[in-house]
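The values are calculated or read from the model by the stated rules, or taken from the named source; none is laboratory data. All values derive from a computational prediction rather than experimental measurement. Backbone-built Cβ (ideal geometry, glycine too); neighbour counts: all protein chains shown. Please note that ligands, DNA and RNA were not included when accessible areas were found on the heavy atoms of the full protein model with its side chains. Shrake-Rupley method; radii C 1.70, N 1.55, O 1.52, S 1.80 Å.
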Amino acid sequence: VKPLQGRVVVITGASAGIGAATARAAAVAGASVVVAARRLDRLRSLVADIESAGGHARAVEADVADADALTRLMDTAVATFGRIDVCVCNAGIGYHGPFDSTPTAVTRRLVDVNVMGTFHTARAAIAVMKRQASGHLIVVSSIVGRRGIEGSAVYAATKAAQIAFVESLRAEYAGTLIRASVVLPVSTATEFHEAIARNFGHMVRGLGPKQSAEHVARAIVGCMVRPRPEVYPYPLARGLSIVNAVAPGLTDRVVRRFRRERVVSTS
Ligand SMILES: NC(=O)c1ccc[n+]([C@@H]2O[C@H](COP(=O)([O-])OP(=O)(O)OC[C@H]3O[C@@H](n4cnc5c(N)ncnc54)[C@H](OP(=O)(O)O)[C@@H]3O)[C@@H](O)[C@H]2O)c1
């Protein structure tokens with residue numbers, strides 16, 4: 001028997017990167033997957049791939065900044081597969097630049113997608129999970145939510161908000177069968193930087209370690225099989241969190257090597 005056989009998994013931001021890789025990995029592990037994002041054409045070809053490999057999947061167009069769209073997503077998941085066992089709040093966007101020159105509109109967009117998008121998704125999923133009296137919310141944050149780096153002030157703050165949110169949910173649902181986990185990837189090879197160029201017109205080069213989307217997806221599926229409070233797909237990143245808690249001033253110097261750089265303006 002496959003580890004996720006009979007389970008239903010909803011994933012936002014599944015048209016690319018970590019979300020798409022997680023959908024494929026969850027389907028291989030036996031789950032029925034409901035994939036959501038704004039680019040429906042991409043979701044449809046992902047569904048076709050999963051189905052041609054013998055899996056079960058459904059595509060739903062949803063912008064996470066739109067609360068009603070998330071309610072429709074969860075309704076469609078329940079109508080199609082009967083329940084929601086896991087919801088992965090993965091949709092997110094980045095930005096790189098000095099805080100004092102970050103336009104307010106950019107700040108607001110990052111908060112709308114990364115923070116409000118997580119709240120909307122979680123709220124809609126938890127409504128279903130409470131009716132079932134069980135469920136697992138997995139939020140894809142980032143190591144920069146634990147330890148901010150230069151040029152990422154707003155983005156890192158949105159990722160920190162997700163971590164505090166999950167910690168609070170765990171306390172709120174302690175003793176029930178509703179679980180919440182947070183994933184803290186390091187730099188990952190996805191379309192994240194292309195999306196920054198598309199959204200905000202600049203290219204960013206990341207320094208420091210980089211992992212594949214498939215590696216992060218395996219860690220997320222592992223957390224579905226065996227729920228844990230926090231997942232560090234790159235294990236050394238847990239050490240960075242600990243060192244930062246004990247010696248934040250020293251860590252200011254360490255994280256300089258993990259900074260990102262704007263390489264060329266595409267605008
Ligand atoms: N790549 C990294 O280095 C890295 C490191 C740590 C954490 N993360 C986190 O991992 C998550 C996934 O990012 P990724 O690296 O896989 O980036 P990606 O390849 O750019 O994928 C981002 C996904 O989010 C979706 N998305 C963006 N805005 C959306 C919106 N308003 N509504 C619904 N979906 C939206 C995109 O789909 P549509 O455009 O089709 O809507 C896409 O499917 C993010 O939360 C990110 O913060 C990434």
All but one of (1) in contact with an Asp or Glu (Cβ under 9 Å, 6 or more places away or on another chain); (2) of a type in the set (D, E, K, R); (3) within 17 Å of G94 (Cβ to Cβ) hold for K210; which doesn't?
-> (1)
Taking the condition within 14 Å of the chain's Cα centre (by Cα) and part of a strand (DSSP E or B), does L110 pass?
-> no
Restricted to segment 88-106 and to residues being in a helix (DSSP H, G or I) and of a type in the set (V, I, T), the residue surrounded by the fewest Cβ atoms within 10 Å (Cβ to Cβ) is T104
Provide a single number: the residues in segment 11-28 that are open to solvent by 10 Å² or more (accessible area, probe 1.4 Å) and more than 14 Å from the ligand (Cβ to nearest atom).
-> 2
Would you point out the residue of segment 33-52, among those that are within 13 Å of the ligand (Cβ to nearest atom) and part of a helix (DSSP H, G or I), that is most open to solvent (accessible area, probe 1.4 Å)?
-> R44
For segment 139-182, how many residues meet the condition of being in contact with a strand residue (DSSP E or B) (Cβ under 8 Å, 6 or more places away or on another chain), more than 21 Å from D112 (Cβ to Cβ), modelled with pLDDT of 95 or more and buried (at least 18 other Cβ atoms within 10 Å of the Cβ)?
-> 4
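Taking the criterion of being in contact with a Leu (Cβ under 8 Å, 6 or more places away or on another chain), within 14 Å of the ligand (Cβ to nearest atom) and within 26 Å of G6 (Cβ to Cβ), would at least one residue in segment 164-172 satisfy it? Spell out the reasoning first.
Taking segment 164-172 first, the residues in contact with a Leu (Cβ under 8 Å, 6 or more places away or on another chain) are 166, 169.
Subset that is within 14 Å of the ligand (Cβ to nearest atom): 166.
Now narrow it down to the ones that are within 26 Å of G6 (Cβ to Cβ): 166.
Taking every residue of segment 164-172 in turn, at least one turns out to be in contact with a Leu (Cβ under 8 Å, 6 or more places away or on another chain), within 14 Å of the ligand (Cβ to nearest atom) and within 26 Å of G6 (Cβ to Cβ).
Does at least one position in segment 111-121 carry a residue that is more than 27 Å from V186 (Cβ to Cβ), out of contact with any Leu (no Cβ under 6 Å at 6 or more places or on another chain) and not hydrophobic (A, V, I, L, M, F, W, C)? Step through it out loud before you land on a result.
Initial filter on segment 111-121 (more than 27 Å from V186 (Cβ to Cβ)): none.
Looking for residues that are more than 27 Å from V186 (Cβ to Cβ), out of contact with any Leu (no Cβ under 6 Å at 6 or more places or on another chain) and not hydrophobic (A, V, I, L, M, F, W, C), one finds none in segment 111-121, hence no.
Yes or no, residue by residue, for (1) closer than 23 Å to F192 by Cα; (2) in a strand (DSSP E or B):
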site: A124; (1), (2): no, no
site: A127; (1), (2): no, no
site: K130; (1), (2): no, no
site: I138; (1), (2): yes, yes
site: R147; (1), (2): yes, no
site: E150; (1), (2): yes, no
site: V154; (1), (2): yes, no
site: A160; (1), (2): yes, no
site: E167; (1), (2): no, no
Of residues in segment 235-247 being free of Cβ contacts under 8 Å to residues at least 24 places away in the same chain and open to solvent by less than 40 Å² (accessible area, probe 1.4 Å), the one nearest to Y173 (Cα to Cα) = G239
Single unsatisfied condition, G55 versus (1) under 22 Å from G222 (Cα atoms); (2) within 15 Å of the ligand (Cβ to nearest atom); (3) open to solvent by 10 Å² or more (accessible area, probe 1.4 Å) = (2)
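Looking at segment 196-234, which of its residues are open to solvent by 20 Å² or more (accessible area, probe 1.4 Å), among the aliphatic types (A, V, I, L, M) and assigned to a helix (DSSP H, G or I)?
To start, the set of residues in segment 196-234 that are open to solvent by 20 Å² or more (accessible area, probe 1.4 Å) comprises 197-200, 203, 205-210, 212, 214-215, 218-219, 222, 225-230, 232, 234.
Next, only the ones that are among the aliphatic types (A, V, I, L, M) stay: 197, 203, 207, 219, 225.
Passing the criteria: A197, A219, V225.
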Of the residues in segment 60-87, those that are open to solvent by 50 Å² or more (accessible area, probe 1.4 Å), in a helix (DSSP H, G or I) and either in contact (Cβ under 8 Å) with a residue 60 or more places away in the chain or among the aromatic types (F, W, Y) (or both) come to F81
